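Everything on this sheet refers to the single structure shown next.
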Ligand SMILES: Nc1nc2c(ncn2[C@@H]2O[C@H](COP(=O)(O)OP(=O)(O)OP(=O)(O)O)[C@@H](O)[C@H]2O)c(=O)[nH]1
Ligand SMILES: [Mg+2]
């Protein structure tokens, strides 16, 4: 590593051990090519972590060793100055087919990059691995070994550790598929122990990434609260030409309202996805996922939000809107909240609340006729369903490392997360913040609305920050 510049590390190892996966996870770059077939990476590529357009740290993805034993044989017979060993190897073998991959992968190391060696700890240690470790020892450069277990078998871990301790300055277990931010920061911090000279630069990187994570959480919380506010304040209007067509117009307005809320929810997800630098995520979302499910699907409302009992209690304190919410809580259960949606006139009433639709405003008299306005939404459960869905999406995004590209794992994660509905576990004061928002928006009380939003921001931040 050139100490005057930013830290640089080359990720080395045997083919198919997860080098590119590790690079992708560490740099949060899902354009890094990962493949189940060995030999995917054939040339070195540098990936830079940037913050505010400034480079912070670089990782070089490299092809795997192809001829480790022949390379080791050369290294063992080398008699020149020890610090020139890589240069000498490259000078002698550049352009030779047998050593093409070794020349390519040692290139960044020759230029001063620190070494991170990756091996799959769920398989046994082989002779080729020992040869690769010995080559790296003979370079005399500071190096860390990362055990990235692709499988669940742990019986080989002890022998990997033993071998690594002989030839590496530090050994870390790191799962490139499941690594959290904390795991990533711990790995970077551990690199300091490999070479204390890296300390100032790496400490700066760890601090900067930590701060950046806080910014991301805040950006996400703002987007979420904006969604809740929208859900409770948005209205849709349409000119009502003919009184007789009121039912039809209401139905159209209800569907326009739903569309607007779906769009807003989608935009909120996009903000979160971009904030956490995921570009491939949605492509892989599995069929049948509650996140793929329409927001207004019956199943969504069954899986998420408060229980019927909790909803009845929560709605009871919500003043004028309580009746509507309780009607929905009890009747909604037997009739099916969204069966009603299908029927003319019932559409708006089921979703927006009976009371509100009874008063569906005939407001103003614009040129050309009356105007019918629908909304805002007075269904408390919508708020909790939105909360659960967006937090579920948030957890999926933030618990998913960039190097992981397979769908099966995502489904499993999501099922596990779904057993843990957030709104059903809110404490009474936490629930109250949402009820306050509901009441304040109902009264169009701006100050009370802002106060409730601020409380919600704080509680969501605390929640996601402790995950
Ligand atoms: N289950 C699991 N699979 C992993 C993990 N890391 C990598 N893989 C899988 O292992 C395969 C190889 O991963 P790559 O990152 O492409 O491996 P590589 O070392 O860059 O391979 P080459 O470029 O061929 O040298 C891919 O199918 C990855 O999804 C892990 O931590 N867990
Ligand atoms: Mg690769």
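The values are calculated or read from the model by the stated rules, or taken from the named source; none is laboratory data. Being a predicted model, the structure only gives us computed values, none of them experimental. Here Cβ is always computed from backbone atoms with ideal geometry, including for glycine, and neighbour counts include all displayed protein chains.
Can you tell me which residue in the range 15-49 is farthest from the chain's Cα centre (by Cα), limited to those that are under 21 Å from residue 400 (Cβ atoms) and more than 10 Å from ligand 1 (Cβ to nearest atom)? The extreme case among them is 47. Can you pull out the residues in the range 17-43 that are crowded, with 19+ Cβ neighbours inside 10 Å and either out of contact with any strand residue (DSSP E or B) (no Cβ under 9 Å at 6 or more places or on another chain) or part of a loop (DSSP other than H, G, I, E, B) (or both)? Within the range 17-43, 17, 18, 25, 30, 32, 34, 41 meet the criteria.
Scanning the range 44-67 for residues that are within 11 Å of ligand 2 (Cβ to nearest atom) and part of a loop (DSSP other than H, G, I, E, B) returns 44, 62, 63, 64.
Checked against the criterion of being in contact with a helix residue (DSSP H, G or I) (Cβ under 7 Å, 6 or more places away or on another chain) and modelled with pLDDT under 95, the candidates 189, 131, 119 yield just one match: 189. Take the conditions (1) in contact with a helix residue (DSSP H, G or I) (Cβ under 8 Å, 6 or more places away or on another chain); (2) farther than 27 Å from residue 177 by Cβ; residue 63 misses just one of them, which is (2).
Which residues, counting only those in the range 1-14, are within 13 Å of ligand 1 (Cβ to nearest atom) and out of contact with any strand residue (DSSP E or B) (no Cβ under 9 Å at 6 or more places or on another chain)? Talk me through it step by step, then tell me what you get.
First, the residues of the range 1-14 that are within 13 Å of ligand 1 (Cβ to nearest atom): 10-14.
The answer is none; no residue qualifies.
Scanning the range 109-122 for residues that are on the phi < 0 side of the Ramachandran plot and either more than 14 Å from ligand 2 (Cβ to nearest atom) or part of a strand (DSSP E or B) (or both) yields 109, 110, 111, 113, 114, 115, 116, 117, 118, 119, 121, 122. Of the residues that make up the range 458-467, is at least one within 23 Å of residue 257 (Cβ to Cβ) and at pLDDT below 95? No, the range 458-467 contains no residue that is within 23 Å of residue 257 (Cβ to Cβ) and at pLDDT below 95. Can you pull out every residue in the range 6-16 that is near ligand 2 (Cβ under 9 Å from one of its atoms) and either surrounded by fewer than 21 Cβ atoms within 10 Å (Cβ to Cβ) or not in a strand (DSSP E or B) (or both)? Once the filter is applied, which keeps residues that are near ligand 2 (Cβ under 9 Å from one of its atoms) and either surrounded by fewer than 21 Cβ atoms within 10 Å (Cβ to Cβ) or not in a strand (DSSP E or B) (or both), the range 6-16 yields 15, 16. Contact annotation: residue pairs with Cβ atoms under 8 Å, 6 or more positions apart or on different chains, pairing a residue in the range 276-294 that is over 23 Å from residue 49 (Cβ atoms) with a partner that is modelled with pLDDT of 80 or more and in a loop (DSSP other than H, G, I, E, B), are 285/291; 285/292; 286/292; 290/304. Scanning the range 162-180 for residues being farther than 22 Å from residue 76 by Cα and surrounded by 17 or more Cβ atoms within 10 Å (Cβ to Cβ) gives a total of 8. Taken over the range 68-105, the criterion of being part of a loop (DSSP other than H, G, I, E, B), in contact with a helix residue (DSSP H, G or I) (Cβ under 6 Å, 6 or more places away or on another chain) and modelled with pLDDT of 95 or more is satisfied by 78, 80, 99. Examine the range 140-161 for a residue that is surrounded by fewer than 18 Cβ atoms within 10 Å (Cβ to Cβ) and in contact with a helix residue (DSSP H, G or I) (Cβ under 8 Å, 6 or more places away or on another chain), and state whether such a residue exists. The answer is yes; a qualifying residue exists.
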